[in-house]
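The values are calculated or read from the model by the stated rules, or taken from the named source; none is laboratory data. Bear in mind the structure is a predicted one, so any value in this text is a computation, not a measurement. Glycine also receives a Cβ, built like all others from the backbone with ideal geometry; neighbour counts cover every protein chain displayed.
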Amino acid sequence: MNSLPIIDISPLYGPDESAWADVAQQIDAACRDFGFLYIKGHPIPAERIEALLSAARTFFESPLEEKLKIDITQTSHHRGYGAIATEQLDPALPSDLKETFDMGLDLPASHPDVLAGKPLRGTNRHPQQDGWRELFEQHYNDMQDLAKTLLRAIAMALDIERDFFDKRFEQPVSAFRVIHYPPRQTATSPDQQGAGAHTDYGCVTVLYQDPAGGLQVQNVNGEWIDAPYVEGTFVINIGDMMARWSNDRYKSTPHRVISPLGVHRYSMPFFAEPHPDTVVACLPNCSDASNPPKYPATTCAEWLLSRFAATYAYRRELEAEAV
């Protein structure tokens, strides 16, 4: 239980149903045992990752006043730049030693959801950096496709309709995030971590991490184990929403980032989330008389907003103003 499985998902891009079933079974076992796994054999090219990292370094190295032109605390739909210590994932520790850029599905101001004031809907707020918008919007779309491929395998493992998640991921609230972790010696206190211990809020997370290290996952014995960089892979983990959907058949596992010494760390998680109005309730094959549903039904937006309010002070202030 001290190392995470690495699963080749390339058969999910072929027609062999038995190969699909084998991959689905491997993913199912990893989600039950760990809530974490690595995938290889995905279609995202290494050149894309390098282009994203290069653009991110340029952005995060720019003056603070430039980054704050897209300050995330000045939006209602959680897009843009988050300064260091904006986020506090572990309420028992100081705010996190990281800065972020967040984007989602780009909807124009004229879109009905935006006009209706639906939460987490709106336009992206990109830095004025040559080629940034096109690069990041294309990557967002490609990561959404990768996540939906994984979700089809999960649907097979759960013995529900193959397109169950596809139907619910039309115009999703999935988020792509780039995170910069400064070296640990820049912390304001010995207790300040890159990212405090937490579980992810949503459905499935698809994470690229660079070779700097620092990601740790809690195993079933409550011990912190390293989840090191593995070239050519993404780290996949189950979030709270999928745990609720699966009635805890799949684990939403605590994890954290200990900022490395002497180097800057970059990671790029893609948080795959459905349409905001999607009802999240126990799936048909995940409960029985001896294992009844553990969680009340909720919607994607209701759940995510409740978790955001617990993590971001500016979200709590926004909610207080709306009351």
Does residue 15 fit the bill of being in a loop (DSSP other than H, G, I, E, B), in contact (Cβ under 8 Å) with a residue 12 or more places away in the chain and surrounded by fewer than 21 Cβ atoms within 10 Å (Cβ to Cβ)? no
In the set 24, 46, 51, 56, the lone residue that is in contact with a Leu (Cβ under 7 Å, 6 or more places away or on another chain), of a type in the set (A, V, I, L, M) and either in contact (Cβ under 8 Å) with a residue 40 or more places away in the chain or surrounded by 15 or more Cβ atoms within 10 Å (Cβ to Cβ) (or both) is 51
Among 113, 166, the single one that is at pLDDT below 95, over 26 Å from residue 210 (Cβ atoms), part of a helix (DSSP H, G or I) and of a type outside the set (Ser, Thr, Tyr) is 113
Flagged in segment 49-93 as aromatic (Phe, Trp, Tyr), closer than 22 Å to residue 109 by Cβ and over 19 Å from the mean Cα position of the chain (by Cα), in numbering order, are none
Picked from segment 161-182 (must be of a type in the set (D, E, K, R) and in contact (Cβ under 8 Å) with a residue 12 or more places away in the chain), the residue farthest from residue 20 (Cα to Cα) is 177
Counting only residues in segment 27-43 that are part of a loop (DSSP other than H, G, I, E, B) and either in contact with a strand residue (DSSP E or B) (Cβ under 9 Å, 6 or more places away or on another chain) or free of Cβ contacts under 8 Å to residues at least 12 places away in the same chain (or both), the one surrounded by the fewest Cβ atoms within 10 Å (Cβ to Cβ) is identified as 41
Log entry, pairs with first residue in segment 143-160 being outside any helix (DSSP H, G or I), second being buried (at least 22 other Cβ atoms within 10 Å of the Cβ) and of a type outside the set (Lys, Arg), beta carbons closer than 7 Å, six or more apart or on different chains, reads 158/246
Here the qualifying pairs (Cβ atoms under 6 Å; residues six or more apart or on different chains; first in segment 60-76 and at negative phi; second surrounded by fewer than 14 Cβ atoms within 10 Å (Cβ to Cβ)) come out as none
Taking segment 242-269 and the residues there that are buried (at least 23 other Cβ atoms within 10 Å of the Cβ) and of a type in the set (Phe, Trp, Tyr), the one that is farthest from residue 94 (Cα to Cα) would be 245
Quiz item: What about residue 179, is it surrounded by 15 or more Cβ atoms within 10 Å (Cβ to Cβ), of a type in the set (Val, Ile, Thr) and not in a strand (DSSP E or B)?
Solution: no
